[in-house]
Amino acid sequence: MTVGRHVLRFLTSGILVALAGCSAIAPGQAPGVVIDLLQEDWRYMPGVTTDPGGLQVAATARSIVAQDGAGGQSNPPLNLAGMHLVAAGDFELSASFTDVTADASLALYYTPPVIADEFRIEPASLRLTLRGADLEIAVFDGSPQQDVTDPRPARDEHVTVADPKAALSVRRTGNTLAVASGDDTVSSLPLGGVFGSGEIWLGLSSSAGSFRVSSFTATAPPGATLNTAGPQVAPAEPSVGGLQALASSTRPGFTIGAAVALGPLASDADYARNLVGNFGAVTPENAMKPQSLSPRQSVYTFEEADAIIAIAESKGLAVHGHTIAFTESMPLWMQELSTGNELERRASAEALLDYVTAVVTHFKGRLKSLDVVNEPFDAAQGTSMQQNIWYRVFGPGYPAVVSQAVYDADPTVLQFINENGADVPGPRQDAVLKLALDTNSRGGHIYGVGLQAHVYDLETDAISAADLADTFTIFEDAGLFVRISENDVTDDLGTDAQAKQYTTVLAACLRSPACVSYTTWGVDDRYDWWIDDDDNLQQGHDFLFNDGQPTPAYDAMRQALGG
């Protein structure tokens, strides 16, 4: 995703509501509902594997780095694509941890956290972290953070447990939440709306070691409602009047896509319904970037990307992979590869190519297309290549090296170079075209270019139909295809102007045989947020749906497709 004007998009967690009280399980009373959580689906949770003895949890080292490579906000996983709990009243969760080598954490979330390009938004949650006899109890109440990249709990306490091997339990009784170790209640908290959504999303993680979950149960008293539920996207179906259906009728084979995240696909029925109902392809927004796939060298966490692809396959949607070589979103190990001398560069080259081969081989046959190089040119809209780790290891011809490695692993995936600011004729577009042609002349396999088409300011970023027509002709004459890869449009000048720009881009793409697909960089304004230059949180209105409802831009897109 392009971050011109320092725009960072993320998803918000929603507004907390108050808890409704009801009776707890009385001492000695048999629970009305018992769920063995070890028997549920944990396949798509990073760091978790199942065996007959329970769940094995290993540290993933997943983190989210800033654009400049600094930082590393922790990004512990949770079970998004498997199941979550629906609890309309009192409940109790109990877990036994064994073989703890460093620390063991259990997190209960109000709603899935938000994963953005450079940070993670924390929803209301309760986290228990056991380190020896020390039990940390951290509460996030969902209130705005002073610094979203460094979230701080509203309450953070440490207690010493008598027996570190005793089961940990969390019991809700009305408006009170009690935390216990074995039979000892170690904390009682008035948590307000932490579980006000009626849903509990489960996280298991370790920051530095591993542990086993040998038992994990959820119980509720007689008369209370407690059950498991799958992701909200499961019942969603394509719509005969949706954008993709109209596009297929207008121009058979043409694909309308959207960038997606697993969190809202799993938790937001509106988002899931609108995505599956209207789009024929998805681009994982962050789940296939290097920091998500390989947080440590030679260690891979494919689970969330696999979940998105499995959802797409179940709904008949194509998948565009995003991305292999990229200056941003690199894990620390990749950033720190040595390039000081030839011997170091050879070792670093081997590490990078091992990464390419492992990733592309893993997804072989499941991706229609792939951004093999993303945003190779400088962020200031110039024509100089960014001297990232790929450039420093392989030199300015690195796209050809990456392209050949991708081809060797999967010769069927269509390869693209994806760039921002190259939507209209000019020096930057010339540079992208030259790079694609030079890459192929060096043995690469570039099928086309992705033109991001971000319109953050209609007065400066607007794209005309004439410029797009010229652009498509230029690439077609060069023997390359084009995809509109990340289109989004601000509504700063009103929704009519926004709708007009959206339809201008789509209509121009539809008219050109060189333009093979169109993708918008998001689904719903409910998840369209950014941080301004003063580090303040702002909500954008750039997408085709707003709070689950179609916008004028969506209606205009349907009309452009003959709807």
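The values are calculated or read from the model by the stated rules, or taken from the named source; none is laboratory data. Keep in mind that what you see is a predicted model, and the values were worked out from it rather than measured. Every residue, glycine among them, receives a Cβ derived from its backbone with ideal geometry; neighbour counts consider all protein chains shown. Note: accessible area is taken over every heavy atom of the protein model, side chains too, but ligands, DNA and RNA are not part of it. Shrake-Rupley method; radii C 1.70, N 1.55, O 1.52, S 1.80 Å.
Asp150 satisfies every condition listed in (1) under 30 Å from Ile531 (Cβ atoms); (2) in contact with a His (Cβ under 9 Å, 6 or more places away or on another chain); (3) of a type in the set (Asp, Glu) except (2).
How about region 194-312: which strands (runs of 3 or more DSSP E) wholly inside it have at least 1 residues that are of a type in the set (Ser, Thr, Tyr) and more than 23 Å from Lys364 (Cα to Cα)? I'd like the intermediate steps shown before the answer.
Details: elements: 199-205, 210-220, 226-229, 255-260, 281-284.
Per the criteria, 199-205, 210-220, 226-229.
Restricting attention to region 318-332, does a residue exist that is under 26 Å from Gly253 (Cβ atoms) and free of Cβ contacts under 8 Å to residues at least 60 places away in the same chain? Full working, then the answer.
As a first pass, look at region 318-332 and keep what is under 26 Å from Gly253 (Cβ atoms): 318-324.
Filter once more, so that each one left must be free of Cβ contacts under 8 Å to residues at least 60 places away in the same chain: 319.
Yes, region 318-332 has at least one match.
I'm trying to understand the selection: among the residues of region 39-60, which are open to solvent by less than 50 Å² (accessible area, probe 1.4 Å), part of a loop (DSSP other than H, G, I, E, B) and in contact with a strand residue (DSSP E or B) (Cβ under 8 Å, 6 or more places away or on another chain)? Correct list: Trp42, Met45, Gly47, Gly53, Ala59, Thr60. For region 144-151, the count of residues that are among the aliphatic types (A, V, I, L, M), under 21 Å from the mean Cα position of the chain (by Cα) and buried (at least 20 other Cβ atoms within 10 Å of the Cβ) is at least one.
Return a yes/no flag: does region 139-152 have any residue that is in contact with a Pro (Cβ under 9 Å, 6 or more places away or on another chain) and assigned to a strand (DSSP E or B).
Within region 139-152, one or more residues are in contact with a Pro (Cβ under 9 Å, 6 or more places away or on another chain) and assigned to a strand (DSSP E or B).
Every listed requirement among (1) in contact (Cβ under 8 Å) with a residue 24 or more places away in the chain; (2) surrounded by fewer than 20 Cβ atoms within 10 Å (Cβ to Cβ); (3) of a type in the set (Phe, Trp, Tyr) is met by Trp390 save one, (2). Within the option set Ser517, Ser485, being part of a strand (DSSP E or B), open to solvent by 10 Å² or more (accessible area, probe 1.4 Å) and of a type in the set (S, T, N, Q) holds for one residue only, Ser517.
Here is a list: Gly230, Gly198, Gly193, Gly182. Which entry is closer than 23 Å to Pro112 by Cα and at pLDDT 95 or above? Lay out the reasoning, then the answer.
Working: Gly198 fails: at pLDDT 95 or above; Gly193 fails: at pLDDT 95 or above; Gly182 fails: closer than 23 Å to Pro112 by Cα.
Residue meeting the stated conditions: Gly230.
Being surrounded by fewer than 18 Cβ atoms within 10 Å (Cβ to Cβ), at pLDDT 95 or above and in contact with a helix residue (DSSP H, G or I) (Cβ under 9 Å, 6 or more places away or on another chain) narrows it down to one residue among Ala469, Ala556; which is it? If you could, list the steps in order and put the result at the bottom.
On the way: Ala556 fails: surrounded by fewer than 18 Cβ atoms within 10 Å (Cβ to Cβ).
Exactly one residue qualifies, and that residue is Ala469.
Filtered by the rule that a residue be crowded, with 18+ Cβ neighbours inside 10 Å and free of Cβ contacts under 8 Å to residues at least 60 places away in the same chain, region 415-430 gives Gln415, Ile417, Glu419, Ala422, Asp423, Val424, Arg428, Gln429. Condition test on Val406, is it crowded, with 17+ Cβ neighbours inside 10 Å and closer than 26 Å to Pro331 by Cβ? In short, yes.
In region 525-553, the qualifying residues are those that are open to solvent by 10 Å² or more (accessible area, probe 1.4 Å) and acidic (Asp, Glu), and the one that is modelled with the highest pLDDT is Asp547.
Against the list (1) part of a helix (DSSP H, G or I); (2) under 27 Å from the mean Cα position of the chain (by Cα); (3) not acidic (Asp, Glu), the condition Ala469 fails is (2).
When the residues of region 236-252 are filtered to those that are out of contact with any Pro (no Cβ under 7 Å at 6 or more places or on another chain) and without any contact (Cβ under 8 Å) to a residue 12 or more places away in the chain, which remaining residue is nearest to Gly450 (Cα to Cα)? The qualifying residue nearest to Gly450 (Cα to Cα) is Pro252. Residues of region 79-96 that are open to solvent by 10 Å² or more (accessible area, probe 1.4 Å) and either without any contact (Cβ under 8 Å) to a residue 60 or more places away in the chain or more than 15 Å from Arg172 (Cβ to Cβ) (or both): Leu80, Ala81, Gly82, Ser96. All conditions but one from (1) under 23 Å from Asp525 (Cβ atoms); (2) touching a strand residue (DSSP E or B) at 6+ places or on another chain (Cβ under 9 Å); (3) of a type in the set (D, E, K, R) apply to Arg483; the one that does not is (1). Filter region 229-265 down to residues that are among the polar types (S, T, N, Q) and surrounded by 15 or more Cβ atoms within 10 Å (Cβ to Cβ) and give me whichever is nearest to Leu38 (Cα to Cα). Looking at residues that are among the polar types (S, T, N, Q) and surrounded by 15 or more Cβ atoms within 10 Å (Cβ to Cβ), I get Gln232.
Scoring Leu352 on the criteria (1) crowded, with 18+ Cβ neighbours inside 10 Å; (2) within 20 Å of the chain's Cα centre (by Cα) leaves a single failure, condition (2).
The residues on offer are Gly365, Gly421, and the sole one that is under 22 Å from the mean Cα position of the chain (by Cα) and on the phi > 0 side of the Ramachandran plot is Gly365. So, in region 103-134, of the ones that are among the polar types (S, T, N, Q) and over 16 Å from Pro264 (Cα atoms), which residue ends up surrounded by the fewest Cβ atoms within 10 Å (Cβ to Cβ)? Checking each candidate, the answer is Thr129. Across region 187-217, the number of residues qualifying as open to solvent by 40 Å² or more (accessible area, probe 1.4 Å), in contact (Cβ under 8 Å) with a residue 40 or more places away in the chain and within 18 Å of Leu135 (Cα to Cα) comes to 3.
Take Arg171 and tell me if it is in contact with a Phe, Trp or Tyr (Cβ under 8 Å, 6 or more places away or on another chain), touching a residue at least 12 places away in the same chain (Cβ under 8 Å) and crowded, with 19+ Cβ neighbours inside 10 Å. Can you show your working first?
Working: in contact with a Phe, Trp or Tyr (Cβ under 8 Å, 6 or more places away or on another chain): yes; touching a residue at least 12 places away in the same chain (Cβ under 8 Å): yes; crowded, with 19+ Cβ neighbours inside 10 Å: yes.
Yes: the conditions hold for Arg171.
Taken over region 408-417, the criterion of being of a type outside the set (Gly, Ala, Ser) and out of contact with any Gly (no Cβ under 8 Å at 6 or more places or on another chain) is satisfied by Asp408, Pro411.
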